[in-house]
Amino acid sequence: MEVLSFNLSGKFAFFKNESINNIYDTYPHIHKPALLGLFGAILGYDGYAQTQKFFDKKDNIYPEYYKKLKDLKIAIVPKKANFSKILETFTNNTGMFNKEGASLVTQEFWLENPSWDIYLVIDDEESKKIKDSILNSKSVYSIYLGSNHHFANISNIGIFEARELKFSADVIHSLIKVEDVDINFDNMLTTRKENKNLYYFNYTLPTVLTENTNLYKKEKFILTNDLLNFKKLKGYYKVDNFNIVFY
């Protein structure tokens, strides 16, 4: 199975977590819908703004980029389990956003120097288009990490052959869905006390868009350097000395 690999990084990133009040927090890592949006920009597909113009059409339940790319198989290997954050404050003095002379102040948490290794299975026409564009440094639109404040960098591009793992347990270097592995959290705490070099990080990240509303459906992920027991015996791969899971 052919796989495209590249590093995705930037000075800052902001993947808006909508579960907030006054301060806009960011998801700790890039997630699949955001990554598909980046691929959509590379290929020149329409996004949310264009979707709204035709939202009354019954077949227009997703933005164009998502409708065309939602079946891509990707894996994400963070360079760090958690990136540091900075808090940025914005003041809007335009009349549209202000009443009685007051200014609109918004705050956002940004990821600082984020970096991920991205893996994409090349098995259909859309993935082949992305492969060609990335290998040849082509992009219809500029690419960003969550918002147009944060330009994205693509580097360390490679093509690899994925080999399926034949074991029932192994260390997985990519983000993996909690539902795919057997996890005893009590045992993890005990093991962590015995081996200080082990780490376990849990995240809740978007995985798909819901129809029409385009709201996120979220799932729980884990990132650990401990041995994991797989619930199923297929779907785990070794790519360039990394063990990863596509979703």
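Would you mind classifying segment 114-247 by shape? Square roots of the alpha carbon gyration tensor eigenvalues, ordered a ≥ b ≥ c; an a/c under 1.5 is rounded, otherwise it is prolate if a/b is larger than b/c and oblate if not. Since a/c reaches 1.5 and a/b is larger than b/c, the shape of segment 114-247 is classed as prolate.
Loop-located trypsin sites (Lys or Arg not before Pro) across segment 138-167 with a Cβ neighbour count of 14 or fewer within 10 Å are K138, K166, with loop assigned by DSSP. Given a cut-off of 20 Å, name the pairs among K32/K68; K217/K238; K166/K232 whose C-alpha atoms lie farther apart than that in the structure shown. K217/K238, as the Cα separations exceed 20 Å there.
What number comes out for accessible area per residue over segment 132-247 if the probe is 1.4 Å? Units Å², please.
Details: 7000 Å² over 116 residues.
On a per-residue basis, 60 Å².
Using only side-chain charges placed at the Cβ, +1 for Lys and Arg and -1 for Asp and Glu, the dipole size of segment 107-247 relative to its Cα centre rounds to 180 debye. Between the residues L165, N153, Y141, the greatest Cα displacement towards the positive end of the dipole of segment 130-183, with unit charges on the Cβ of Lys, Arg, Asp and Glu, is found for Y141.
Using +1 on the beta carbon of Lys and Arg, -1 on that of Asp and Glu, and nothing else charged, what's the dipole of segment 99-167 about the Cα centre, debye to 20?
Numbers: 7 positive and 11 negative charges, 25 e Å.
For segment 99-167, the charge dipole is close to 120 debye.
How large, in percent, is the carbon and sulfur part of the accessible surface of segment 108-187 at a probe radius of 1.4 Å? Write down the numbers at each step before the final one.
Details: 1970 of 4300 Å².
Exposed carbon and sulfur together represent 46 percent of the surface.
Rounded to the nearest 0.05, what FRET efficiency do E125 and A81 have when you use their Cβ-Cβ distance and R0 = 30 Å? The partial results should precede the final answer.
Values: r = 35 Å, r/R0 = 1.17.
The pair E125/A81 has a calculated efficiency of 0.30.
Straight Cα distances below 12 angstrom link K177 to the aspartates and glutamates E219, with same-chain residues fewer than 8 positions distant left out. Each residue, E179 and T210, gets one label point 7 Å from its Cα in the Cβ direction; the gap between the two is 1.5 nm.
Order of 26-32, 221-227 by packing, highest average Cβ count within 10 Å first? Let's see the in-between values first.
On the way: 26-32: 23.0, 221-227: 18.4.
Going from most to least packed, we get 26-32, 221-227.
The values are calculated or read from the model by the stated rules, or taken from the named source; none is laboratory data. Computed from a predicted structure; not experimentally measured. Every residue, glycine among them, receives a Cβ derived from its backbone with ideal geometry; neighbour counts consider all protein chains shown. Keep in mind that these areas ignore ligands, DNA and RNA; they rest on the heavy atoms of the full protein, side chains included. Shrake-Rupley method; radii C 1.70, N 1.55, O 1.52, S 1.80 Å.
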